[in-house]
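Let me begin by presenting the structure, written as structure tokens, before commenting on it.
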Amino acid sequence: MAATPFISIQRPSNLDGYNRNLSYAEQPTNIPKTFLDAMEVREEVFVREQSVPLHNEFDSDDARAVHWVIYASINTMTEAQKTDDKGNILQRQKSVTTTQPIGTIRLVPFPHPPHPEPGSSYAADALETNPDADPSDPPFIVDRATTFHDGKEPYVKLGRIAVLKEFRRSGISKILVNAAMAWARENPAFFNPSIATMGMDKMGASGTDEIPIWKGLVCVHAQVQVIKVWGKWGFELDEGMGTWFEEGIEHVGMFQRMDISLTAKV
Ligand SMILES: CC(C)(COP(=O)(O)OP(=O)(O)OC[C@H]1O[C@@H](n2cnc3c(N)ncnc32)[C@H](O)[C@@H]1OP(=O)(O)O)[C@@H](O)C(=O)NCCC(=O)NCCS
């Protein structure tokens, strides 16, 4: 079995009709294939392995996020080579090549719901946890200040990173994180709001100098058991955010400031 990884990207897409009570394999035909592949990995890792309820795995951030999926091309022998007594080949070995999604990550644009309260416990990690929020058009929120976030600066959030168990510890998640961060560096204005479509009020801005613009701040809500892994990619623990439980799993906040000064057109 030989595996050659390659990556696909799924930009924000219309996921209307996605039924969160059903598996990725039972979704309507309008849902993009790359997103279904991401959900295939997330269901295996978060739902089956970590016991997150299927209903909570898909959330309202999925439609507005950018997703990356890494695949392995797996060559499996179906019939062995056959030879006669003298070593002459009677039939060559036969094999089939299949493509399998093995890892995924997503990048969620601002705005976000407020930072979780230390010691709190909640299920769905998305704007819908705020009953006043309209998930299709989220308001801009002034948050509490933490160690690395002043409560106002727009930040993007990396999350839902998952690699199938049998492919772990061979650098797959490193490829995913690098792909997402390289894309963010090359597309720093992608998530910046347009005054024309949103209006100043909704952005919480009273003048053009207050329009929320991404300046390179990246957050993760990390499971405590992978703090070291995110640390390897340059994320620092935000002590001020404290710890909380998502889906019964203890989480912390971590931040990284990317240097986008050479690419940002601000
Ligand atoms: C966390 C996870 C995505 C890492 O994927 P992976 O492909 O095995 O990671 P990599 O092989 O790219 O490893 C990256 C680095 O982290 C280290 N690492 C990986 N898993 C680790 C772990 N559980 N504990 C400590 N270090 C770890 C690797 O040694 C590597 O370090 P190196 O670059 O110095 O060699 C994977 O274990 C996973 O899917 N876990 C379940 C889902 C999950 O917990 N997601 C995190 C949500 S916040």
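Values quoted throughout were computed directly from the atomic coordinates according to the rules given, and no laboratory measurement underlies them. What you are looking at is a predicted structure, and each value in this text was computed from that prediction instead of being measured. Neighbour counts are summed over all protein chains in view; Cβ atoms, including those assigned to glycine, are modelled from backbone coordinates with ideal geometry.
Before moving on, here are some points about what is shown:
- Taking packing as the residue-averaged number of other Cβ atoms within 10 angstrom, the listed peptides 76-84, 96-104 run from highest to lowest as 96-104, 76-84.
- Residue-wise HN-Hα couplings along region 25-39, as the Karplus relation 6.51 cos²θ - 1.76 cosθ + 1.60 with θ = phi - 60° gives them from phi, are 6, 10, 8, x, 6, 7, 7, x, 4, 4, 5, 4, 5, 4, 5 Hz; Gly and Pro carry x.
- Near Lys157, the amide H atoms lying under 5 Å from its own belong to Val108, Cys219; only residues 5 or more places off or on other chains count, and H is placed 1.01 Å from N.
- Distant-in-sequence amide H partners of Thr243 (H built 1.01 Å from N, under 5 Å): Gly119
- Across region 148-160, rounded Karplus estimates of 3J(HN,Hα) from the backbone phi angles (6.51 cos²θ - 1.76 cosθ + 1.60, θ = phi - 60°) give 10, 10, 7, x, 10, 4, x, 9, 9, 10, 8, x, 6 Hz, Gly and Pro being marked x.
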